[in-house]
Every structure is written in structure tokens, then in C-alpha cells.
Amino acid sequence: GQQVMQIPQYQHVQEGEDFTTYCNSSTTLSNIQWYKQRPGGHPVFLIQLVKSGEVKKQKRLTFQFGEAKKNSSLHITATQTTDVGTYFCAGFGNAGNMLTFGGGTRLMVKP
Amino acid sequence: DAGVIQSPRHEVTEMGQEVTLRCKPISGHDYLFWYRQTMMRGLELLIYFNNNVPIDDSGMPEDRFSAKMPNASFSTLKIQPSEPRDSAVYFCASSFGLDATYEQYFGPGTRLTVT
């Protein structure tokens, strides 16, 4: 079945440093969604990417969808303590009808 | 809208006891999902419903787990009998649709501890 992998599992950064998490699928995706889960909270939808090579920005966050639609990345510029949490990618396969979540990347920011 | 509502928020029970988790999806959402989250296994989809009908329960770990959705505004996830390895955070989520254009809205979760 479809598998979605995320790396790294954990990332410690100093406040102000950049951060990137990568998402890779075993199959081609029709779209990919990104969610953020604050410590003790629940996943909250951030954004969706649909087109091959698509790039979207939300303030300091930049999301990319690979040309082959099998990978994606989330880049945070100049991290802040409010960015702390676990970032999940979730992909819809072309043939399937299920949203498959990656294992998440837990971001910790030192002030 | 108040969002997805789950109860209880915390549940502590002894091994062998029955546990029932409850969820009220966002009004108008046709799809309801139950997830389990643990450090070891991450976020796992257990089952999902469309218009109150269970569509895919392949993620339900074993016969001790059962889920129902008697109407569009209520769903339950039951574990009987519970075991310590069932300890996890259980999330309910809902969405308007299932295809690639729809985001899922998660509830606050129920933290279950089985001793």
C-alpha cells in the first residue's frame, strides 16, 4: 500500500535558524496536505498542494510539491518559538481514496 | 461552529474494562474518521464513515475495537475489553468530502490510559 515517509523525525534549532522537513511517498500523489500539531494539541490543516512543482508561501513557511508528485517539503525561515510542534504531511494517492499521514517531524526551537 | 467535539478529554481505566469514546463532527460534514496516535506508531487511521456508513475499517486493530455512527451528528469508538497497549490519544476528524480537495478537521482528542 501507499507509504508516506518524513524526515527528520526530530529537529532542534536555535531561534532564528531555518528549518526544513521532507516528505516522500512510495507512489505518485494526486495532492499533498500539511498539518501542524502543537504540543498537547490536535493536527490543524495548514495548506494543500495539487500541481506538479507547485510552491506556496504562508509568511515564513514555504511549501513545495515535487515535479514527479512523489515528494514535498516544508521550509520555515527564521524559526520562532511559536513554530514549535509536529509537522505532518499527508498524501492522497492517485488510485486510492485515503489520506495517508507521514510520521511527522517534531520541531523544537530554543529561545 | 464549535468544531469537532470529543468526549471525554481524558479517560483512565483498568485493564479489562469497557471504554467508549464519543465524537460529534462538524455539521454538514459527510465524512468522519477515527485516528489513534502513539509515539511508536504515529497517527493511524482506524476507520472512516461516509453518511453514517462505515466504509473502511481495515485499520481497526482487532475485534476488541468497534465503531458506530447512528446518525450524522454522533459517533462512538468502543474498546472492550481494554488493554494497556490501547493507551493512546484517539482523534476524531471530519470533512466535507473524501477527494483530494478537502481538508480534515480534527477534534481535541481523548487521551486514554489503561492501567
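The values are calculated or read from the model by the stated rules, or taken from the named source; none is laboratory data. On a predicted model such as this, the values are computed, not experimentally measured, just so you know. Using ideal geometry, Cβ is built from the backbone for each residue, glycine included, and neighbour counts are taken over all protein chains shown. Just the protein is used for accessible areas: all its heavy atoms, side chains included, with ligands, DNA and RNA removed. Shrake-Rupley method; radii C 1.70, N 1.55, O 1.52, S 1.80 Å.
Which ³J(HN,Hα) values, rounded to whole Hz and listed in residue order, are derived for segment A:37-43 from phi using the Karplus coefficients 6.51, -1.76 and 1.60 in 6.51 cos²θ - 1.76 cosθ + 1.60 with θ = phi - 60°, glycine and proline given as x?
10, 6, x, x, x, 10, x
What does the average come to when, for each residue of peptide A:35-43, you count the partner chain Cβ atoms lying within 10 Å of its Cβ?
Counting other chains' Cβ atoms within 10 Å and averaging over A:35-43 gives 4.
Taking H as built 1.01 Å from N, whose amide H comes closer than 5 Å to the amide H of A:T27, not counting residues under 5 places away?
So A:T27 has HN proximity to A:Q3.
Using the Karplus curve 6.51 cos²θ - 1.76 cosθ + 1.60 with θ = phi - 60°, what ³J(HN,Hα) values do you get for each residue of segment A:65-74, in whole Hz, with x for Gly and Pro?
10, x, 4, 8, 6, 10, 8, 8, 9, 10
Amide H neighbours of B:G59 under 5 Å, counting only residues 5+ apart in sequence or on other chains, H built in-plane at 1.01 Å?
Sorted by chain and number, the residues that satisfy this come to none at all.
Need one value for B:52-60: mean number of C-beta atoms belonging to other chains within 10 Å of its residues' C-beta atoms.
1
Can you find, among A:F63, A:V44, B:L21, the residue farthest towards the positive end of the dipole of the protein assembly as shown? Put +1 on the C-beta of Lys and Arg, -1 on that of Asp and Glu.
A:F63
For A:R106, what accessible surface area do you get with a 1.4 Å probe? Give it in Å², rounded to 10.
The value for A:R106 is about 110 Å².
Average projected area of the Cα convex hull of segment A:1-52, in nm²?
Taking a quarter of the hull surface, the average projection is 5.1 nm².
Give me the Å³ per residue figure for the convex hull around the C-alpha atoms of segment B:1-80.
105
Interface size between chain A and chain B, please: total buried accessible area, 1.4 Å probe, rounded to the nearest 100 Å².
Buried area between the two chains comes out at roughly 1500 Å².
Hey, can you find the accessible area per residue of the protein assembly as shown for me, probe 1.4 Å, expressed in square angstrom?
49
Report, to one decimal in Å, the Kirkwood hydrodynamic radius for segment A:4-110 based on all distinct Cα pairs.
Averaging 1/r across every pair of different Cα atoms and inverting gives 13.7 Å.
Would you tally the net charge around B:P54, using a Cβ to Cβ cut-off of less than 14 Å, leaving B:P54 out, and scoring K and R as +1, D and E as -1?
Charge balance near B:P54 sits at -1.
Across peptide B:33-45, how many C-beta atoms of other chains are within 10 Å of each residue C-beta, on average?
Working: counts 2, 0, 3, 0, 6, 0, 0, 0, 1, 8, 11, 1, 4.
If you average over the peptide's residues, the count of other-chain Cβ atoms is 3.
Using only protein heavy atoms and a 1.4 Å probe, report how much of B:H10 is accessible, in Å² to the nearest 10.
In the full protein context, B:H10 sits at about 130 Å².
May I ask you to rank A:M108, B:M15, B:M39 by accessible area, largest first, using a 1.4 Å probe over the protein chains only? Walk me through the intermediate numbers first.
Values: A:M108 40, B:M15 120, B:M39 160 Å².
Sorted descending by solvent-accessible area, the residues read B:M39, B:M15, A:M108.
Give me the three principal axis extents of the protein assembly as shown from the C-alpha atoms, as integers in angstrom, largest value leading.
Here the spans come out as 48, 39, 35 Å, largest first.
Give me the net charge for the shell around B:R22: Cβ to Cβ below 15 angstrom, other residues only, Lys and Arg +1, Asp and Glu -1.
On the way: positive: B:R9, B:K24, B:K68, B:K78, B:R111; negative: B:E11, B:E18.
Local net charge: +3.
Using the crude model of +1 on Lys and Arg Cβ and -1 on Asp and Glu Cβ, and no other charge, please compute the dipole size for chain A relative to its Cα centre, in debye to 20.
Values: 11 positive and 6 negative charges, 40 e Å.
The dipole of chain A has a size of about 200 debye.
If you add up the charges near A:G16, with Lys and Arg at +1 and Asp and Glu at -1, over every other residue whose beta carbon is less than 14 angstrom from its beta carbon, what do you get?
On the way: positive: A:R60, A:K110; negative: A:E15, A:E17, A:D18, A:D83.
Neighbourhood net charge equals -2.
Take the alpha-carbon centre of segment B:1-61, take the same for segment A:59-106, and report the distance between them in whole Å.
Between the Cα centres of segment B:1-61 and segment A:59-106 lies a distance of 23 Å.
Report the gain in length on full extension from A:S30 to A:S52: 0.36 nm times residue separation, minus Cα-Cα distance, nm rounded to one decimal.
Roughly 7.0 nm would be gained on extension.
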